[in-house]
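These notes are about the structure you will find just below.
The values are calculated or read from the model by the stated rules, or taken from the named source; none is laboratory data. Bear in mind the structure is a predicted one, so any value in this text is a computation, not a measurement. Don't worry about glycine lacking a Cβ; one is built from the backbone with ideal geometry, like all the others, and counts go over all protein chains shown. Ligands, DNA and RNA are excluded from the accessible area calculation, which covers all protein heavy atoms including side chains. Shrake-Rupley method; radii C 1.70, N 1.55, O 1.52, S 1.80 Å.
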Amino acid sequence: MKPSAVIYYRNDKEKEARNLSQKISSHILINQICQAEEQVISKGCDFVIVVGGDGTVIKVAKFTTCPIIGFKAGRVGFLASYKLEEIDRFLKDLSQQRLLMEKRFMLTVKVNEVDYDAVNDVVFHLPSRRMGEFRLSFDGCSDLLFFADGILISTATGSTAYNLSLGGAIVTPVSEVIQIMPIAPYYLQNRSIVVPNEQRITVDTLDICEVIVDGVIVGKVNSITVQKSNKHFTLLRPDYYDFFAVLKDKVGYGKGVTNEVDRG
């Protein structure tokens with residue numbers, strides 16, 4: 001019996017999604033093809049296929065409980081394992097049962113009585129160019145104070161997103177940790193803090209700040225509490241997937257100079 005799937009696509013990748021559907025339809029029963037923005041719940045399928053970049057995978061991860069297989073149609077692609085031209089390789093991996101489930105946790109933050117889940121990160125920052133004092137409180141620990149533009153709280157998945165551009169630590173994506181990073185601090189405090197993902201984190205400030213969840217502004221408050229969500233999402237990865245190879249290929253981290261030619 002053929003496995004079944006729903007295909008979600010970025011709004012400018014419908015042609016690629018339908019082309020993919022045609023090429024795999026003899027091996028996989030395609031229940032539906034729809035835009036990721038439509039948030040059509042995928043029931044009764046074995047997995048979902050996402051055609052787009054990491055942002056599209058993040059959108060789908062928030063409303064599906066099915067395992068996700070990503071096909072890159074974006075720039076970086078940490079969450080997608082295949083390129084669009086690798087359909088045959090995907091079908092071979094599927095037939096040989098080489099796809100493994102990779103479970104990822106999410107964060108949740110309550111803003112104005114509404115809960116929001118974050119795949120990558122939560123940003124709490126002043127909307128103006130002014131700096132402010134932010135108090136970080138951890139369960140059973142001393143408070144920390146930062147004079148900065150804001151605070152970034154990220155999952156292990158999000159360590160290669162905004163956190164990376166701020167100079168935070170790179171964390172293997174299946175790690176069960178939360179990373180906290182002050183944004184543009186006044187003192188030399190631009191070092192991340194890594195805590196277990198069971199830790200609850202509260203951030204307070206006197207000013208009204210924007211709360212941004214995975215790049216989307218969800219409200220303005222002067223206090224937030226961030227903790228591990230009771231939801232998670234699952235990626236389907238080939239058993240030969242190599243996170244460190246992706247780091248070298250996509251962002252040049254750990255690449256060295258072995259293959260560089262000295263023209264000096």
Residues of segment 47-61 satisfying the condition of being closer than 19 Å to residue 15 by Cα and touching a Leu at 6+ places or on another chain (Cβ under 8 Å): 49, 51, 54, 57
Residue list for segment 17-28, restricted to those being open to solvent by 90 Å² or more (accessible area, probe 1.4 Å) and not basic (Lys, Arg): 22, 27
Count, please, the residues in segment 59-80 that happen to be open to solvent by 20 Å² or more (accessible area, probe 1.4 Å) and assigned to a helix (DSSP H, G or I). 1
Quick one: which residue in 138, 134, 105 is in contact with a helix residue (DSSP H, G or I) (Cβ under 9 Å, 6 or more places away or on another chain) and of a type in the set (Phe, Trp, Tyr)? 105
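Any residue at all in segment 176-196 that's open to solvent by 50 Å² or more (accessible area, probe 1.4 Å), at negative phi and in a strand (DSSP E or B)?
Just the residues of segment 176-196 that are open to solvent by 50 Å² or more (accessible area, probe 1.4 Å), to begin with: 176, 184, 186-191, 194, 196.
Adding the requirement that they be at negative phi leaves 176, 186-191, 194, 196.
Narrowing the set further to residues that are in a strand (DSSP E or B) leaves 194, 196.
Yes, some residue in segment 176-196 is open to solvent by 50 Å² or more (accessible area, probe 1.4 Å), at negative phi and in a strand (DSSP E or B).
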Are there any pairs, at least 6 apart or on different chains, whose C-beta atoms fall under 8 Å, with the first in segment 124-136 and closer than 11 Å to residue 208 by Cβ and of a type in the set (Gly, Ala, Ser) and the second part of a strand (DSSP E or B) and open to solvent by 50 Å² or more (accessible area, probe 1.4 Å), and if so, which? 132/147; 132/206
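Look through segment 91-111, keep the residues that are charged (D, E, K, R) and under 16 Å from residue 62 (Cα atoms), and return whichever of them is most open to solvent (accessible area, probe 1.4 Å). Give the derivation first.
We begin by selecting, within segment 91-111, every residue charged (D, E, K, R); these are 92-93, 98, 102-104, 110.
Next, only the ones that are under 16 Å from residue 62 (Cα atoms) stay: 102-104, 110.
On the way: 102: 33, 103: 128, 104: 7, 110: 96 Å².
Of everything passing the filter in segment 91-111, 103 is most open to solvent (accessible area, probe 1.4 Å).
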If you scan segment 1-48, which residues turn out to be more than 20 Å from residue 93 (Cα to Cα) and either among the aliphatic types (A, V, I, L, M) or assigned to a helix (DSSP H, G or I) (or both)? 14, 15, 16, 18, 33, 36, 37, 38, 40, 41
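Out of the residues in segment 118-136 that are in a strand (DSSP E or B) and open to solvent by less than 30 Å² (accessible area, probe 1.4 Å), which is nearest to residue 205 (Cα to Cα)? First the steps, then the outcome.
The initial filter retains those residues of segment 118-136 that are in a strand (DSSP E or B), namely 118, 121-125, 132-136.
So of that shortlist, the ones also open to solvent by less than 30 Å² (accessible area, probe 1.4 Å) come out as 118, 121-124, 132, 134, 136.
Values: 118: 21, 121: 19, 122: 16, 123: 13, 124: 10, 132: 7, 134: 5, 136: 9 Å.
The qualifying residue nearest to residue 205 (Cα to Cα) is 134.
Quick one: how many residues across segment 208-246 are more than 20 Å from residue 89 (Cα to Cα), over 19 Å from the mean Cα position of the chain (by Cα) and acidic (Asp, Glu)? Write out each step before concluding.
The initial filter retains those residues of segment 208-246 that are more than 20 Å from residue 89 (Cα to Cα), namely 208-234, 244.
Imposing the further condition that a residue be over 19 Å from the mean Cα position of the chain (by Cα) reduces the set to 208-210, 219-225.
Still in the running and acidic (Asp, Glu): 210.
Total satisfying the criteria: 1.
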Output the number of the condition that residue 83 fails; it satisfies all remaining conditions of (1) over 29 Å from residue 17 (Cα atoms); (2) at pLDDT below 95; (3) open to solvent by 70 Å² or more (accessible area, probe 1.4 Å). (1)
Could you please tell me which pairs satisfy a Cβ distance under 8 Å, a separation of 6+ or placement on different chains, a first residue in segment 248-264 that is open to solvent by 100 Å² or more (accessible area, probe 1.4 Å), and a second residue that is modelled with pLDDT of 55 or more and of a type outside the set (Gly, Ala, Ser)? 253/170; 253/247; 255/248
Quick one: residue 206 ticks every box in (1) more than 17 Å from residue 137 (Cα to Cα); (2) assigned to a strand (DSSP E or B); (3) open to solvent by 70 Å² or more (accessible area, probe 1.4 Å) bar one, so which box is it? (1)
Would you pick out the residues in segment 41-53 that are surrounded by 16 or more Cβ atoms within 10 Å (Cβ to Cβ) and either in contact with a helix residue (DSSP H, G or I) (Cβ under 8 Å, 6 or more places away or on another chain) or under 21 Å from residue 216 (Cβ atoms) (or both)? 48, 49, 50, 51, 52, 53
A careful count of residues in segment 23-46 that are farther than 13 Å from residue 8 by Cβ and not polar (S, T, N, Q) gives 8
